[in-house]
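A.B. asks: My questions will all concern the structure given below.
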Amino acid sequence: MAEYKNASGYKNSDAAGKVAYYKQLTGSPQQYGPIRDTVMALLSKSIKEGGSVCSSPVVYDEILFFGANDTHLYAVDINNGQLLWKFKTNGPIMSYPVAVDGMVYIHSADNYMYALSTGGTLVWKFRIPNLLGYGPAVVDNVLYMGGGKDDHNMYAISAKEGKLIWKYRTGGPISSIPAVVNDTVFFGSGDGYVYALSKNGDLKWKFRTSDGVDSSPAIADKEGNEIWSYKNMKEETIRISDGILYIGSWDNNIYALTLEGKEVWRYRTGGPMVFCSPIIHNRTVYIGSFDCHLYALDAITGSLKWKFRTGMPLASDPVIYNDTVYIGSCDNYMYAISVEGRQLWKFFTGGYIFGAATVHSGNIYFGSWDCYLYALSPKDQNVLWKFKIGRLEPVALDMNTILNTVTELNKRILRLWKPETLGNKLLFSDHVSVSPMYRSATPYASSIQYKSESPYLGAAKKKDKLPFF
């Protein structure tokens, strides 16, 4: 059995020694995953008031809605960038708004979901504790959104009255924007599972990844045509056997699952995490990773078509218009990339770009950490207008510190998987962390190690296929 050596040189071969070693490397026996917990702790400290914008804008009736860290929801004229109205909450707004049926819904870090008329009048508010929720899904007059730390519930709320319909508790915080297809609510949780609930809030199935899942799912048919994304919240019915769900995990993988919760394929990025959300276009899955790359994967097979490197990690989600992929990066640039993976242009802002862009009438709208909302013409990269947040003070956020911290933590965890005795061909039993949650994240593991709820704990059977050779 492999031995685990602590800082003082003491070796343990028993379970207690393994736990001690894990604590030494990660600081504590984290419940949801040390990488997710570390990043969320760092980001939570940055949830402060200021002018930075990481909310993705949404367009409704020629009005552009978006939130900012100065605690306001803004409504501006999409044609000229003039302020129409703003609504103050009691906390920074980092989530994505949804506008539908004459209403706009937004969640604030004050832990409330707000429903306003598109004219700016408050209709109702409902308490959902979540500092980092990406936003709600609204389908058939029902709003779905997950709770954050110490809450862990998926909520279903009447969109018109703001009354609770049901809630379902998971094992971790929920930032994933649900997908609603076939009378089923699909979403990820910080506990490492992808969930499928009925519209009544009953569990249909759950699929385990190896770390938290904050990515929002996208769903396509068997031909690779998108059925659902949070940018296109239109519920459709599809045969269960024909649907595929795509989602990223903090374990560095992008997963493709059937709508019955069975794994089709997974693709491992360079990590250290994937919390961006995918989109599907012409049988291709596009998704960003914290390894600074935008990936284009074959939606059916999961094989890599191409990847495009930016200068810093990707926390923004891609959008596609006219066969061009638009994605913002923490290197302060908005990129335009052809669907073949070629850079067309990039546009510099003064801050990180976290929120996904919105395309309307051929123009691109997006926010930046530099306290501006930009309207850009993609033909000549001409700034049509930019809206300055009233409080022009960026929120302090050192992305380099986050990147370095997470990268080092990722390396520490991976050290637990290094095979020390190749003679026994042991892949997992002595070379993993104390938690089975990390088994599938090891770079020495095969492409598919287990089905949902059934971790693979045995040794490799084919000597010529050992992945660490």
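The values are calculated or read from the model by the stated rules, or taken from the named source; none is laboratory data. Computed from a prediction, not measured in an experiment: that's the story for all the values here. Don't worry about glycine lacking a Cβ; one is built from the backbone with ideal geometry, like all the others, and counts go over all protein chains shown.
Listed here are the residues, each with its yes/no results for (1) at pLDDT below 95; (2) part of a loop (DSSP other than H, G, I, E, B).
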residue	(1), (2)
Glu260	yes, yes
Arg266	yes, no
Pro272	yes, yes
Tyr286	no, no
Asp291	yes, yes
Phe308	no, no
Gly311	yes, yes
Leu314	yes, yes
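A.B. asks: Is there a residue being among the hydrophobic types (A, V, I, L, M, F, W, C), modelled with pLDDT of 95 or more and surrounded by fewer than 18 Cβ atoms within 10 Å (Cβ to Cβ) anywhere in the stretch 345-355? Steps first, please.
C.D. replies: Quick first cut of the stretch 345-355, residues among the hydrophobic types (A, V, I, L, M, F, W, C) only: 345, 347-348, 353-354.
Those still in the list that are modelled with pLDDT of 95 or more too: 345, 347-348.
Adding the requirement that they be surrounded by fewer than 18 Cβ atoms within 10 Å (Cβ to Cβ) leaves 345, 348.
Yes: one or more hits.
A.B. asks: When both residues are 6+ apart or on different chains and their Cβ atoms are under 8 Å apart, which pairs have a first residue that lies in the stretch 141-165 and is touching a residue at least 24 places away in the same chain (Cβ under 8 Å) and assigned to a loop (DSSP other than H, G, I, E, B), and a second that is of a type in the set (Ser, Thr, Tyr) and buried (at least 22 other Cβ atoms within 10 Å of the Cβ)?
C.D. replies: Gly147/Tyr155; Gly148/Ser175; His152/Thr170; His152/Ser189; Ala159/Tyr105
A.B. asks: Here is a follow-up. What residue, among those in the stretch 316-338 that are touching a strand residue (DSSP E or B) at 6+ places or on another chain (Cβ under 8 Å) and part of a loop (DSSP other than H, G, I, E, B), is surrounded by the most Cβ atoms within 10 Å (Cβ to Cβ)? Talk me through it step by step, then tell me what you get.
C.D. replies: So the first thing to find is which residues in the stretch 316-338 are touching a strand residue (DSSP E or B) at 6+ places or on another chain (Cβ under 8 Å), and the list is 316-321, 323-329, 332-338.
Filter once more, keeping what is part of a loop (DSSP other than H, G, I, E, B): 316-318, 323, 329, 332.
On the way: Ser316: 27, Asp317: 29, Pro318: 25, Asp323: 10, Ser329: 23, Asn332: 21.
If we take residues in the stretch 316-338 being touching a strand residue (DSSP E or B) at 6+ places or on another chain (Cβ under 8 Å) and part of a loop (DSSP other than H, G, I, E, B), then Asp317 is surrounded by the most Cβ atoms within 10 Å (Cβ to Cβ).
A.B. asks: May I ask you to say which residue of Val76, Val100, Val58, Val53 is buried (at least 24 other Cβ atoms within 10 Å of the Cβ) and of a type in the set (Val, Ile, Thr)? Step through it out loud before you land on a result.
C.D. replies: Values: Val76 fails: buried (at least 24 other Cβ atoms within 10 Å of the Cβ); Val100 fails: buried (at least 24 other Cβ atoms within 10 Å of the Cβ); Val58 fails: buried (at least 24 other Cβ atoms within 10 Å of the Cβ).
Every option except Val53 fails the conditions.
A.B. asks: Considering each residue of the stretch 177-224, count those that are of a type in the set (S, T, N, Q) and within 14 Å of Ile247 (Cα to Cα), and give that number. It would help to see each step written out before you state the result.
C.D. replies: At the first step, the residues of the stretch 177-224 found to be of a type in the set (S, T, N, Q) are 182, 184, 189, 198, 200, 209-210, 215-216.
Checking which are within 14 Å of Ile247 (Cα to Cα) leaves us with 189, 209-210, 215-216.
Number satisfying all stated conditions: 5.
A.B. asks: Okay, next question. Restricting to the stretch 183-235, what's the tally of residues that are free of Cβ contacts under 8 Å to residues at least 60 places away in the same chain, crowded, with 17+ Cβ neighbours inside 10 Å and among the basic types (Lys, Arg)?
C.D. replies: 1
A.B. asks: Which pairs have Cβ atoms under 8 Å, sit 6 or more apart or on different chains, and link a residue in the stretch 317-341 that is more than 14 Å from Val359 (Cβ to Cβ) to one that is among the acidic types (Asp, Glu) and in a loop (DSSP other than H, G, I, E, B)?
C.D. replies: Asn332/Asp370; Ser338/Asp323; Val339/Asp323
A.B. asks: Can you tell me which residue in the stretch 120-140 is nearest to Ala357 (Cα to Cα), limited to those that are out of contact with any strand residue (DSSP E or B) (no Cβ under 7 Å at 6 or more places or on another chain) and surrounded by fewer than 24 Cβ atoms within 10 Å (Cβ to Cβ)? Walk me through how you get there before you give the answer.
C.D. replies: Looking only at the stretch 120-140, we keep the residues that are out of contact with any strand residue (DSSP E or B) (no Cβ under 7 Å at 6 or more places or on another chain), and these are 121, 129, 131-132, 134, 140.
Subsequent filtering for residues that are surrounded by fewer than 24 Cβ atoms within 10 Å (Cβ to Cβ) retains 121, 129, 131-132, 140.
On the way: Thr121: 26, Pro129: 26, Leu131: 22, Leu132: 19, Asp140: 25 Å.
So the residue we want is Leu132.
A.B. asks: Something else: Sort out for me the strands (runs of 3 or more DSSP E) sitting completely within the stretch 63-138 that have 2 or more residues that are among the hydroxyl-bearing types (Ser, Thr, Tyr).
C.D. replies: Fully inside the stretch 63-138 and qualifying: 103-108, 112-117.
A.B. asks: Related question: Of the conditions (1) touching a residue at least 60 places away in the same chain (Cβ under 8 Å); (2) surrounded by fewer than 22 Cβ atoms within 10 Å (Cβ to Cβ); (3) farther than 25 Å from Val138 by Cβ, Asn252 clears all except one; give me its number.
C.D. replies: Exception for Asn252: condition (2).
A.B. asks: Is the stretch 161-170 home to any residue that is modelled with pLDDT of 95 or more, surrounded by fewer than 23 Cβ atoms within 10 Å (Cβ to Cβ) and more than 24 Å from Phe186 (Cβ to Cβ)?
C.D. replies: Scanning the stretch 161-170 turns up at least one residue that is modelled with pLDDT of 95 or more, surrounded by fewer than 23 Cβ atoms within 10 Å (Cβ to Cβ) and more than 24 Å from Phe186 (Cβ to Cβ).
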